[in-house]
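Comments concern the structure below.
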Amino acid sequence: MQQLLNGLFLGSIYALFAIGFTLVFGILDRLNLAHPAAFAASAFFGIWLSDSFDLPIALVLVIVFAFGAILGLIIERVAFRPLKDRPDAHFAGLISSIAMGGMIIALLQAVFGPNTRRFPVGTVPDDAIEFGAGVTASVLQIVIVAVSLGLMIGLTILVGRSALGRSMRAVAENPGAARVLGVNVDRVTATTFAISTALGAVAGVLFALSVNSAQLGMGSAIELKGLAVIIVGGMGSLPGALVGGLIIGIAEVFAIQYVGSSWRDLIAFGLLFLILLVRPQGLFGKRKVREV
Amino acid sequence: MRKLLSTAVVLSASVLVLAGCSSSGDGGGASAEGLKGTGSGDSCVIDATVPVGAALSLTGGAASYGESQQKGLELALEDLNAKDGVKYELTVEDDGTDPRQAMSVFEGFVADGTSTIIGPTLSNTAFQAQPIAQEAGVPVLAISNTATGITEQGDFIFRDSLTEAQVIPQTIEAAKDKLGLKKVVVMYSNDDAFTESGFQVMESALKDQGVEIVDTLKFSVKDTDFRSLLTTAKQSDPDAIVVSALIEAAIPLVTQARELGIDQPIIGGNGFNNPALMKDAGEAAEGVIVGAAWNSASDSPENTAFMKAFEEKYGAGPDQFAAQAYAGMQIIDHAVRVNCSGERTDVQDGLTQVKDLPTPLGSISINADRDAEHPAVVQIVKDGKFAVLN
C-alpha cells in the first residue's frame, strides 16, 4: 500500500514532466530535447528564489511557472523557429534543441557551480499524514500530486475548451490549413512551447523538493523516463502521458519491492518494449496515417 | 698541435656541460640539488622551496569535501612556512571528481618535479590516478581515501585517513553496545568503489558482532529517490539501518526515511561524516550515528589550536576532511625533515618513519602497510551537532 503511494508520487512527477514533453510533440510534431535542461534550470532557479528572498513555496511555484514559460519562448525562438521552413525541420529541431539544452546546463554550471543544491530546510512543512497501518504521506507529497493533477486538468480543459485550444488542435491537424483559416500559427507554436516548458519547470521544482536535492544532471536522469512515458501513453496524448507516468512510476517501485533494486530500470524500460509490442501506438495514441 | 689541443679542450668542456645538464635533469626539476638540506628534524635547513602538489575535488560530486581539504592544507601551509628551515610551495589542482581529470593532474605533478602529491579526494579516483605517481616514483599521501587497497597499489602510496575497515567495526561495536542491535537492514550504492568497500566492511563487522542482516538493498550512486527502498526496509522492522553512501545520497536518504516514519537509528559510513548532513537534512539528521577519524570535541593542544586557527581564518569550524588535510601537511613536513630532503625517494623514506606524531587527529603513526594508525571516534547527531556516542 505504501509502495503504491510511493509509485503514485514518483509517477505524478514523471507525468507532469512528460505532459510538457508530449504537448509540443502532439501539437507541433516536434521533440524538444531542451526540456530536461529547462527542468534542471527551473529547480535551480526555484532554490535560488527560496534561498535569496525567503519566499513561500506557493509563490516560488508561480514565479517558476512564469520563468518556465519565458524559457519556453526562448527555446522556441532560438532552437526551433529559425529551422521551421527547412525540409528536415523535425530532425534539425531535435538536434538544435539538444544544443540549446547543453548551453542551458553550461550556463547553470557557470552561475550556480556544479554542487548539489537543496531547498532550505522547512520550505515545505515536513509533517506526515498517516492513513493507518503504517502508510504515510508527507504534506509535500500531497502537494506534489495536487499541483500535478491540477495543472494536468487545467491543461486538458485549455486544449479541449478554449479558443486557444481550438487553434492548437487546428495546428496539430494541419498547420497549412490552419494558417489559411486565419490561425496565427507562429503565435500558437510559441504559446505551446511556453506552456510545455512551464509545466516542465514546475515538475523540476517539485522533483527537487521531493528528493531534497537538485543536480545539474537531474534532467537527463528523468529524460529517458519521460520519453518512455509518452511512448507508453501514446505520442501526443495528454491522458496517455498521465497514465503512462503513473504506470512507469508504480512499475519502478514494485520492481524494487519484488525483484530487486538493481532491476528497476530494466523492468521500467522492459515494460516499454512490451507495450510497444502489444500496442505500437501506445495506450492512448491513435494510429497515424501519414500521407506522402 | 695547438689546434688539436684547443679542440680537445672545447670538446671536454662541452661534455662537462652536457653532464651537468643531465645530472640536474635526474631529479626532474631544475632545483633538484637544492632540495637536499643540512641538519635533521627541527634543525633541518633546505635552501630551495619544497614543491607539494594536491589533486582535490574542487568541482563535481565531491566538491564539498575538496573545499574543506583545500582550506585545511592552506592553513597548514601558513603554519609550516612560519617555522624556520623548510619552506613549502603548495599547488592545488582540481580533479573534478573525475578519474580521468585526476590522472592528467597527476601526470602534470610528476612532470613538474613535485616532491610529494596529496590526494585525490575520492577512493574511486585514487585507484586510477595514484598508479601514475607510483610508476614515476613520486610519493603520494592520501588524505581522505578510505577504501581497502589504496596503499596496496605500491610502496610510494601512503595515507593518513583511517580506512573504513578501521573505523566501521568500532562504529558498529559502539552502536551495538549502546542500542542493543539484533537485526539490521544494510543499504549501499553498488556502483562506487568507496561505498562498495564500505559495505563489505559493514557486512563482515556485523557478522563478527553477531548482528543479523535481514535485508541488503542496493542503489545507484546517482539515485536521489529512496522511498520505495526505504519502504521495503521498513517492512523488515530492523533495529537500525546501516548505510554506505556518499553525502549526496545520504541527505535525501535520511530525510525520506524520517518522512516515511522510520525512526530507527541510521548508522552511516565515512560519507555521512559531513556538516552538510545537519545543515541540509535538518531535524531528520538527529540520531544518525557516524564513525569518524577525527573528534571535534578532542581537547588535545594540537586540536584546540587547529580548531581556533581554522575558525579565525575561515569564520566557520573545520570538519574531518579539513583536519585530515591539515595533518597531512604536518606528516609531509615531518617526512621531509627526517632526511632533511625534498627529493622524492627521501620523502618516501621519511614517510615510513612517521611515529607518534602529534596532530589534530591524535597521535599518528604510519604502519608497515603505509596506513595511518590512530584512535577513531563514534559520533551521534544531537541538536544539530556531532556529539560523542557514549
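Below, the figures for the structure above:
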item	result
Magnitude of the charge dipole, segment B:33-125, Cβ model with Lys/Arg +1 and Asp/Glu -1, debye to 20	160 debye
Most to least packed among B:318-330, A:65-77 [average Cβ atoms within 10 Å]	B:318-330, A:65-77
Calculated diffusion of segment A:151-242, Stokes-Einstein form, Kirkwood radius summed over Cα pairs, 20 °C and 1.002 mPa s, µm²/s	144 µm²/s
Calculated diffusion of segment A:32-136, Stokes-Einstein form, Kirkwood radius summed over Cα pairs, 37 °C and 0.692 mPa s, µm²/s	206 µm²/s
D_trans [Stokes-Einstein, Kirkwood Rh over alpha-carbon pairs] for segment B:264-352, 37 °C, 0.692 mPa s, µm² s⁻¹	213 µm²/s
Portion, in percent, of the accessible area of segment B:179-321 that falls on carbon or sulfur, probe 1.4 Å	49 percent
Computed P(r) (all Cα pairs; segment B:69-138; 5 Å bins; percent)	3, 16, 25, 21, 18, 10, 5, 1
Distance in nm between pseudo-label sites at A:VAL180 and B:GLU135 (7 Å out along the Cβ direction from Cα)	7.0 nm
Alpha carbon centroid spacing (whole Å) that separates segment B:271-290 from segment B:234-252	12 Å
Kirkwood Rh in Å, taken over segment B:147-231 so that all alpha-carbon pairs contribute	14.3 Å
Hull shadow area, averaged, segment B:311-390 [alpha-carbon convex hull, nm²]	7.0 nm²
Sum of -39500 (n - 2.57) over DSSP H runs of 4+, divided by residues of chain A (222 nm, nearest 500)	-24500 deg cm²/dmol
Efficiency of FRET between B:LYS313 and B:ASP237 - r from beta-carbon atoms, R0 45 angstrom, step 0.05	0.40
Virtual spin-label span in nm between A:ILE95 and A:ARG279, 7 Å along Cα→Cβ	3.5 nm
Spatially proximal lysines relative to B:LYS71 (Cα-Cα < 28 Å; intrachain offsets below 8 disregarded)	B:LYS83, B:LYS87, B:LYS222, B:LYS279, B:LYS308, B:LYS313, B:LYS355, B:LYS382, B:LYS385
Listed residues B:LYS222, B:LYS234, B:LYS83, most fluctuating in chain B (Gaussian network, C-alpha, under 10 Å)	B:LYS83
Net charge of Cβ neighbours under 13 Å - reference A:ALA18; Lys, Arg +1; Asp, Glu -1	0
Percentage relative contact order, chain A, counting C-alpha pairs under 8 Å, at least six apart	37 percent
Ordering of B:157-168, B:342-353, A:201-212 by burial proxy (mean other Cβ atoms within 10 Å per residue, highest first)	A:201-212, B:157-168, B:342-353
Local electrostatic count, A:ASN32, Cβ distance below 15 Å [Lys/Arg +1, Asp/Glu -1]	+1
Alpha carbon convex hull of chain A, projected area averaged over orientations, nm²	16.2 nm²
For B:GLY291, distant residues with modelled amide H under 5 Å away	B:GLY268, B:GLN379
For segment B:168-174, Karplus couplings with θ = phi - 60° (6.51, -1.76, 1.60), whole Hz, Gly/Pro x	4, x, 5, 5, 4, 5, 4
Whole-Å semi-axes of segment A:203-292's equivalent ellipsoid (Cα gyration tensor)	25, 17, 11
Dipole in debye (nearest 20) - the protein assembly as shown, about Cα centre, beta carbon charges: Lys, Arg +1; Asp, Glu -1	3400 debye
Radius of gyration and maximum dimension Dmax of segment B:108-147, Cα, Å	9.6, 28
Residues listed by number, segment B:195-212, amide nitrogen under 14 Å from B:GLU173 label point at 7 Å toward C-beta	B:205-210
Average beta-carbon neighbours from other chains, 10 Å sphere, peptide A:113-121	6
Distance between modelled label sites at B:ASP79 and A:PHE269, nm, 7 Å Cα→Cβ extension	5.0 nm
Of B:LEU260, B:LEU357, B:LEU77, the one that fluctuates the most in a GNM where chain B has Cα springs shorter than 10 Å	B:LEU260
1.4 Å probe accessible area per residue over the protein assembly as shown, in Å²	42 Å²
Tail beyond 47 Å, pair distance distribution of the protein assembly as shown (Cα, percent)	29 percent
Cα lying deepest toward the dipole's positive end in segment B:117-201, options B:ALA126, B:ILE168, B:PRO139, charges on Cβ	B:ILE168
Shielding by partners, peptide A:252-259 (average Cβ within 10 angstrom, other chains)	3
Under 14 Å, Cβ to Cβ, from A:VAL253 - net charge with Lys/Arg +1 and Asp/Glu -1	0
Buried area at the B-A interface (accessible, heavy atoms, 1.4 Å probe, summed, Å²)	2200 Å²
Largest-first ellipsoid semi-axes for chain B, taking √(5λ) over the Cα gyration tensor eigenvalues, angstrom	46, 21, 17
Accessible carbon and sulfur surface of segment A:16-58 relative to its total accessible area, %, 1.4 Å	63 percent
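The values are calculated or read from the model by the stated rules, or taken from the named source; none is laboratory data. These numbers were taken from a predicted model, which means no experiment stands behind them. For neighbour counting, all protein chains shown are included, and Cβ atoms are generated from backbone atoms with ideal geometry for every residue, glycine included. Surface accessibility is based on the protein's heavy atoms, side chains included, excluding ligands, DNA and RNA. Shrake-Rupley method; radii C 1.70, N 1.55, O 1.52, S 1.80 Å.
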